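Colleague: Take this structure first; my questions come after.
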Amino acid sequence: MKKKTMSKNFRSKLITFGIVIAAYLIMQILIGTGNVSSLLKGLLVPLCIYAILAVSLNLTVGILGELSLGHAGFMCVGAFTSAFFSCCVKESGMPPALRFFLAILIGALSAGVFGILIGIPVLRLKGDYLAIVTLAFGEIIKNLVNILYVGRDENGFHVSFTNSLSLNLSDQGQVIINGAQGITGTPSDSNFTVGVLLLLVTLFIVLNLIHSRDGRAIMSIRDNTIAAESVGINVTKYKILAFAVSAALAGVAGVLYAHNLSVLSATSKNFGYNMSIMILVFVVLGGIGSTRGALVASVLLTLLPELLRGLNDYRMLIYAVVLILMMLFNWAPRCIEWREKIMHRIKGRGKETKEADV
Amino acid sequence: MALLEVKDLGISFGGLRAVDDFNLEVEKGCLYGLIGPNGAGKTTVFNLLTGVYKPGEGIIRLDGKDITGHKTIEINQAGIARTFQNIRLFKELSVIDNVKVGLHNHNGYSTLTGILRLPKYYRVERQMEEEAMKLLQVFGLDGEAQTLASNLPYGKQRKLEIARALATKPKLLLLDEPAAGMNPNETQELMDTIRFVRKSFDMTILLIEHDMKLVSGICEKLTVLNFGRVLSQGETGEVLSDPEVIKAYLGE
Amino acid sequence: MSFLQYLISGISLGSVYALIALGYTMVYGIAKMLNFAHGDVIMVGAFTTYTVCSTMGLPPLLGVLAAVVLCTLLGMLIEKVAYKPLRKASSPLAVLITAIGVSYLLQNVALLIFGGNAKSFTSVLSVGSLKLFDGQLLITGETIVTILVCLVIIVVLMLFINKTKAGQAMLAVSEDKGAAQLMGINVNATIALTFAIGSALAAVAGVLLCSAYPTLTPYTGSMPGIKAFVAAVFGGIGSIPGAFIGGILLGIIEIFGKAYISSQMADTIVFAVLIIVLLFKPTGLLGKNIQEKV
């Protein structure tokens, strides 16, 4: 009995990793044989970014059971801190691999710290109140980054929230974060392989966390907070833990994003609440709480509008309709009943034929 | 010295005096019953004992240690575990994982150990698995270890709640209407289980119950609550023959 | 004097937020869902008026009427097709995501019909400005009408809810659906009515919003929608006076933030105030604090 359960989790984990690795290999072969359009090639890193975001948000929404609409804010923190670091050290002769590795750590760490800072006050709230406050935090982060100016000269760093002139840089000085224009010239360290590797690391962390003592504690809070307290689970600690890990991994996605573009600026499109909502769509459509589901949904829903590109103006319209229909199909009690009936009939017929064979 | 000492406990909600001047002493190893009509304040007493509500006044001591006004998790760690009147299981977790959550504070490894799957993870998890299975066997739930808790039949859900509470290795176990919603057969079986638990875990048990048969069958001592106040207290036989108690139960 | 000027602009903007927030709060109270598409109904209302008045050249009153009728029907349709089947879904997130889908849908239909370029909305209100204190204080006709309309609607709505049978039914359904049904209230019809009223209010809000800020795109409703949602939460979601107070306060904070601190920081200030309020009053200014029974 015991061995069986261990191997069940293990097998499920292997399948998830297998899907990612297989998809990676197939893509590499297709690229090698020249069968991939430049459009799809450009989507490979974003696919990894969205997958990491979805898997990490699932930790908050599916495993901890709290609705967060500010995930893009953590991504923003990771993107800007890491791009800032990379821009600062890019002329120091540090090997690119080490630089990127440090950038990832910095992005993850700073987003994680933000997760804790925001989590402490926010997690006292519940449900929709928590959702709107996380949304508000995400928007605040995005807006603050837009008026942030940081420059460097021989006297060190200068920070301002008004404009680049007020940085009072010397002649040799250089503006690194330029308000709404953001950061220019981030080294493009991201590529598909790195993206997939980071996705695998994310999956490793999330899946192992879920299937451990801490993961059980987090899920017990989701299922019944009062009962969890009654058996001695430190609810605040585990809520913050889940929130912080989720934020740190969103930060990693931000690092990938920042190092995939030459110009990084915070707009409502990339770091606004619309992005947070899009990630939430992946998580819910993937079947709240299912890591593999979040992964698959993020990839399919990112590809869908691109596959529909031939339909031009209609593609987002179709996307919206498909989204609504899929939600109804997956969640409406009547649809579920109807599906079960059909499944039952198919299975039933299968049984009959088997018996006939015997 | 009694294991649980409660002195002059009281709480008000708005203008309502839910529990007033409540005193209780539960000796170690005792099986103690807390009974009373609906709305008498029995569950409120449990909520006060376990820190769900903060007492307005009074003192609660467990094993001589003052735990008045402590948080629920601190009280659990001090040695009180409970079940709930309206079952509160971790529904989306398996039966065995419910028990493992109860074992949480007794078998530790760090978050990083868990994520990196260091050898200690496997060692502690194996130990937890064994302990949890042992507990499930006691309640005859070992065959359904992998079932989702929400898929268990009602009676077994109640048993699982007791198993989960015992997993926290308490000194005192509080059972809130353990037989609620059970048929006579199930109730009989539950009585046996409670007796068994008490004997094999050397457990002190305080239980709330409506079922008079169960109360008179297994409790040595009783406290009767009515309108938030103690109506009668003492040996089971004496209390049940107290005219005040009969009046409160049957009406005048 | 500029203080007074800003205050009046704030109240005017706040009135629009209040109208939208009312829709959010009513729907939340009764269906326990966040209708993310609510902001886009505003946009549909504005586009309807734009089409009727600017494109067809019909009188403004007809434009407003058309917007109200269309949005009311749209609101009921959305509820019936997209939300009702999910009312008993196992996760409340399901209907939230569907609402997001509806929001995308409305935006993209508008994009197809009207294109992505901003349209300039001609104000439907032909009311003159009011000059006070020797012209030092200028109150535009739009401002006056917006505030008045909002006040009238609030009063009528409160009367409707407290004095009519249908209004009482709405209260009953928001308290307890099951009990309301047992009392012979038609729950489905009541919920549909709530969506109808909320959407009609959104149409009015759309016309008022675009009369004051006359650019119109398929995404016009998005940010005011979010702000109104913030206003509803701020005042205590589910509470009608709360939505009104939350909306007005939010409008004032936003305009003051723009005027006295920085126009870029206005949204940040709005969100920061929301966070601070919720940390001290976790269910908003007038929200009910429901404690779980153990």
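The values are calculated or read from the model by the stated rules, or taken from the named source; none is laboratory data. Treat the numbers as computed from the prediction; the structure is a model and nothing was measured. So basically every Cβ, Gly included, is an ideal-geometry build from the backbone, and we count neighbours across all protein chains shown.
Colleague: Would you pick out the residues in region A:300-337 that are away from chain C (no Cβ under 11 Å) and of a type in the set (V, I, T)?
Modeller: Hit for region A:300-337 is A:T302, nothing else.
Colleague: Would it be correct to say that A:L59 is part of a helix (DSSP H, G or I), aliphatic (A, V, I, L, M) and closer than 17 Å to A:I116 by Cα?
Modeller: Values: part of a helix (DSSP H, G or I): yes; aliphatic (A, V, I, L, M): yes; closer than 17 Å to A:I116 by Cα: yes.
Yes.
Colleague: Any residue at all in region C:51-63 that's at pLDDT 85 or above, closer than 26 Å to C:F160 by Cβ and not in a helix (DSSP H, G or I)?
Modeller: No: region C:51-63 contains no residue that is at pLDDT 85 or above, closer than 26 Å to C:F160 by Cβ and not in a helix (DSSP H, G or I).
Colleague: Something else: Could you say whether any residue in region A:8-15 is of a type in the set (S, T, Y) and either more than 14 Å from chain B (Cβ to nearest Cβ) or without any contact (Cβ under 8 Å) to a residue 12 or more places away in the chain (or both)? It would help to see each step written out before you state the result.
Modeller: First pass over region A:8-15, keeping only residues of a type in the set (S, T, Y): A:12.
Imposing the further condition that a residue be either more than 14 Å from chain B (Cβ to nearest Cβ) or without any contact (Cβ under 8 Å) to a residue 12 or more places away in the chain (or both) reduces the set to none.
No, region A:8-15 has no match at all.
Colleague: Would you check which residues across region A:158-186 are among the β-branched types (V, I, T), outside any loop (DSSP other than H, G, I, E, B) and over 16 Å from A:K90 (Cα atoms) and list them? Don't jump to the end; show me each part of the working.
Modeller: Here is the first cut: in region A:158-186, the ones among the β-branched types (V, I, T) are A:159, A:162, A:175-177, A:183-184, A:186.
Within this subset, residues satisfying the condition of being outside any loop (DSSP other than H, G, I, E, B) are A:159, A:175-177, A:183-184.
A:V159, the sole residue that qualifies.
Colleague: For region B:118-160, enumerate the residues that are in contact with a Gly (Cβ under 7 Å, 6 or more places away or on another chain) and within 13 Å of B:V99 (Cβ to Cβ).
Modeller: none
Colleague: Among the residues of region C:198-233 satisfying the criterion of being assigned to a helix (DSSP H, G or I) and hydroxyl-bearing (S, T, Y), which is surrounded by the fewest Cβ atoms within 10 Å (Cβ to Cβ)?
Modeller: Going through region C:198-233, the residues assigned to a helix (DSSP H, G or I) turn out to be C:198-212, C:222-233.
From what is left, the residues that are hydroxyl-bearing (S, T, Y) are C:199, C:211, C:222.
Details: C:S199: 29, C:S211: 23, C:S222: 21.
The extreme case among them is C:S222.
Colleague: What is the one condition in (1) facing chain A (nearest Cβ under 8 Å); (2) within 10 Å of B:R164 (Cβ to Cβ); (3) buried (at least 22 other Cβ atoms within 10 Å of the Cβ) that B:R88 does not satisfy?
Modeller: B:R88 satisfies all of (1) facing chain A (nearest Cβ under 8 Å); (2) within 10 Å of B:R164 (Cβ to Cβ); (3) buried (at least 22 other Cβ atoms within 10 Å of the Cβ) except (3).
Colleague: More than 13 Å from chain A (Cβ to nearest Cβ) and over 12 Å from the mean Cα position of the chain (by Cα): does that describe C:T268?
Modeller: Values: more than 13 Å from chain A (Cβ to nearest Cβ): no; over 12 Å from the mean Cα position of the chain (by Cα): yes.
In short, no.
Colleague: Then there is this: Kindly check whether there is at least one residue in region B:156-178 that is among the acidic types (D, E) and within 10 Å of chain A (Cβ to nearest Cβ).
Modeller: Of the residues in region B:156-178, the ones among the acidic types (D, E) are B:161, B:176-177.
Next cut, within 10 Å of chain A (Cβ to nearest Cβ) only: B:161.
Checked against the condition, which is being among the acidic types (D, E) and within 10 Å of chain A (Cβ to nearest Cβ), region B:156-178 yields at least one hit.
Colleague: State whether the residues of region B:212-230 include one that is free of Cβ contacts under 8 Å to residues at least 24 places away in the same chain, of a type in the set (V, I, T) and farther than 30 Å from A:S220 by Cα.
Modeller: Looking through region B:212-230, none of the residues is free of Cβ contacts under 8 Å to residues at least 24 places away in the same chain, of a type in the set (V, I, T) and farther than 30 Å from A:S220 by Cα.
Colleague: Could you grab the pairs with beta carbons closer than 7 Å, sequence gap of 6+ or different chains, first residue in region B:184-207 and in the same structural domain as B:F46 (by TED's automatic domain parsing), second one hydroxyl-bearing (S, T, Y) and at pLDDT 90 or above?
Modeller: Pairs found: B:I205/B:Y32; B:L206/B:Y32.
Colleague: In region C:42-85, which residues are closer than 18 Å to C:G221 by Cβ and of a type in the set (D, E, K, R)?
Modeller: Hit for region C:42-85 is C:E79, nothing else.
Colleague: Hey, does region A:215-236 have a residue that's in contact (Cβ under 8 Å) with a residue 60 or more places away in the chain, assigned to a loop (DSSP other than H, G, I, E, B) and farther than 22 Å from A:F80 by Cβ?
Modeller: no
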